[in-house]
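Written out below as structure tokens is the structure these notes cover.
A short reminder: the numbers here are calculations on the coordinates, not readings from a lab. Worth saying up front: this structure is predicted, and the values here are computed from it rather than measured. Here the Cβ is made from the backbone with ideal geometry for all residues, glycine too, and neighbour counts use every protein chain on show.
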Protein chains: 2
Amino acid sequence: MSSNEPDTRTRILAASMKLLESAPTKLPRMSDIAKAAGISRQALYLHFDSRTDLLVETTRYQDHTNNADQKLMTHRNKIRGRDKLDAFVLAWGNYIPEIWGVARALVTLSATEPEAAAALDQRMADVRQGFEAAIKVIDSDGDLPPALNVTLATDLVAMLMSFRNWETLTQSMGWTQDCYVETMRAMAQAAVLGDMNALSTALTCTEHLDPSGHPA
Amino acid sequence: MSSNEPDTRTRILAASMKLLESAPTKLPRMSDIAKAAGISRQALYLHFDSRTDLLVETTRYQDHTNNADQKLMTHRNKIRGRDKLDAFVLAWGNYIPEIWGVARALVTLSATEPEAAAALDQRMADVRQGFEAAIKVIDSDGDLPPALNVTLATDLVAMLMSFRNWETLTQSMGWTQDCYVETMRAMAQAAVLGDMNALSTALTCTEHLDPSGHPA
DNA sequence: GCCCTTGCTTGACACCATGTCAATTGACAG
DNA sequence: CTGTCAATTGACATGGTGTCAAGCAAGGGC
């Protein structure tokens with residue numbers, strides 16, 4: 001029976017993840033999560049040290065159930081640095097919406113909880129590393145403009161592709177996910193390769209935005 | 001005597017501002033602010049409805065004491081759109097560090113308090129408007145690349161110059177304020193004007209970053 | 001059939017921060 | 001002297017996290 005019914009810890013994590021995904025802007029109370037998992041509030045503390053601990057474990061759980069590693073490794077195939085960058089921008093940019101709810105909760109908690117802040121830093125460092133790998137190859141390809149070095153370029157792209165920027169553009173400013181990805185792709189190429197015609201491709205968005213546009 | 005001793009409300013606001021500026025990552029409790037203002041905790045509620053209200057008023061107070069309007073209006077002089085953009089990027093980019101502490105608190109609270117979120121949205125909208133003004137002129141100058149429209153370009157630059165990005169680059173990634181401003185200036189020009197050689201100017205940073213660099 | 005362990009339940013409680021209320025004080029004005 | 005205003009004090013409600021102790025139900029070993 002243990003093969004069919006998932007163990008309690010897993011049920012908690014699944015419930016936590018579901019709650020965070022379904023209402024990204026509200027972070028649930030421990031009692032909410034307990035109810036959703038079908039156990040008592042106190043029982044949560046039999047499996048997790050604290051609210052923060054539970055949340056951090058939820059992010060791990062989510063990455064695991066989503067095959068995050070696999071999804072973010074598509075750039076392995078590519079040979080040229082610019083293709084690697086492109087692939088990673090695409091992969092990460094399209095992964096963000098999947099993790100939005102959970103990541104947002106992590107951001108919120110990290111304002112007060114150092115543990116959460118550490119977990120968030122780690123996650124951002126992981127993403128940064130993906131970009132760095134691509135940019136190193138761009139550099140050895142000789143495609144990196146002389147004005148940039150690897151560190152600077154990586155910082156720039158990592159900033160550009162930050163979770164928060166995705167949130168701003170798609171949630172506050174109403175950009176389509178497609179528009180976001182395409183524009184960020186163009187921006188990354190422009191910034192790191194000095195490739196300006198990349199930005200003409202972003203033309204697909206203009207349609208989406210002109211008429212309806214901003215709710216704010 | 002009322003001319004020399006500031007009234008209580010002002011003393012509270014000053015104390016609140018000072019606390020937020022001196023420890024940007026910790027948001028003070030009401031009791032901390034009361035103590036700093038030299039009054040009882042309960043007396044705060046004689047002047048402000050709630051913690052959120054007090055914080056929002058603190059941001060206004062800060063903008064007022066800092067002459068924010070004046071500082072952000074330097075681009076009025078400029079005629080060409082590209083010069084206006086440049087001036088506003090410079091002005092806003094250099095204003096951010098002054099308001100960091102208070103703004104950060106607002107961001108933190110806005111996760112749970114709708115009032116704070118509204119205030120934050122307003123502030124972001126104000127900044128956005130500054131960029132939009134410049135970009136409209138760029139457009140009428142005929143300098144806006146055909147792939148962009150005003151809305152899209154404004155969103156892009158507003159995202160680039162967001163408070164959060166400043167925080168990421170200068171606080172997490174260790175960029176100098178100068179490096180930040182110069183790079184953002186170049187990025188903005190590249191994004192909105194298709195002016196790629198702007199990015200070569202950002203070369204000043206490479207020195208700062210290569211040796212010491214990342215704490216993470 | 002008995003005991004022991006394991007995982008969970010229930011109820012109670014400490015802690016901490018925000019926000020509220022009532023009674024009181026002290027100063028100043030008319 | 002009196003009324004008003006601003007602030008003080010102490011007490012309290014609320015809501016959330018985290019802790020603790022006692023009890024209970026199911027299953028395994030023997």
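Between segment B:120-183 and segment A:69-94, what is the separation of their alpha carbon centroids in Å?
Each part's Cα centre sits 27 Å from the other's.
Taking square-rooted eigenvalues a ≥ b ≥ c of the alpha carbon gyration tensor, is segment B:100-182 rounded, prolate or oblate, where a/c under 1.5 means rounded and, failing that, a/b exceeding b/c means prolate?
Cα axes put segment B:100-182 in the oblate bin.
So for the pair B:Asp121, A:Asp141, with labels modelled 7 Å out along Cα→Cβ, what separation do we get in nm?
4.1 nm
Specify the angular offset, from 0 to 90 degrees and rounded to the nearest 10, of the alpha carbon long axis of helix B:114-140 from the longest principal axis of the alpha carbons in chain B.
Tilt relative to chain B: about 30 degrees.
Let me have the relative contact order for chain A, percent, based on Cα pairs under 8 Å that are six or more residues apart.
17 percent
Find the relative contact order for segment A:44-129 and round it to a whole percent, using C-alpha pairs within less than 8 Å whose residues are 6+ positions apart.
Here the relative contact order equals 30 percent.
Go ahead and estimate [θ] at 222 nm for chain A from helices alone: -39,500 (n - 2.57) per DSSP H run with n ≥ 4, summed, over the residue count, rounded to 500.
-20500 deg cm²/dmol
What number of lysine-lysine pairs in chain A show an alpha-carbon separation below 27 angstrom, given a sequence spacing of 8 or more or placement on distinct chains?
8
Just to check I understand the Karplus step: with θ = phi - 60° and J = 6.51 cos²θ - 1.76 cosθ + 1.60, what whole-Hz values come out for segment B:83-88, glycine and proline as x?
Running phi through 6.51 cos²θ - 1.76 cosθ + 1.60 with θ = phi - 60° gives 6, 4, 4, 3, 5, 6 Hz.
Averaged over B:148-158, how many beta carbons belonging to a partner chain fall within 10 Å of each residue's beta carbon?
6
Return the FRET efficiency for the residue pair B:Arg9, A:Leu90: r is the Cβ-Cβ distance, R0 is 51 Å, and the value is rounded to the nearest 0.05.
0.45
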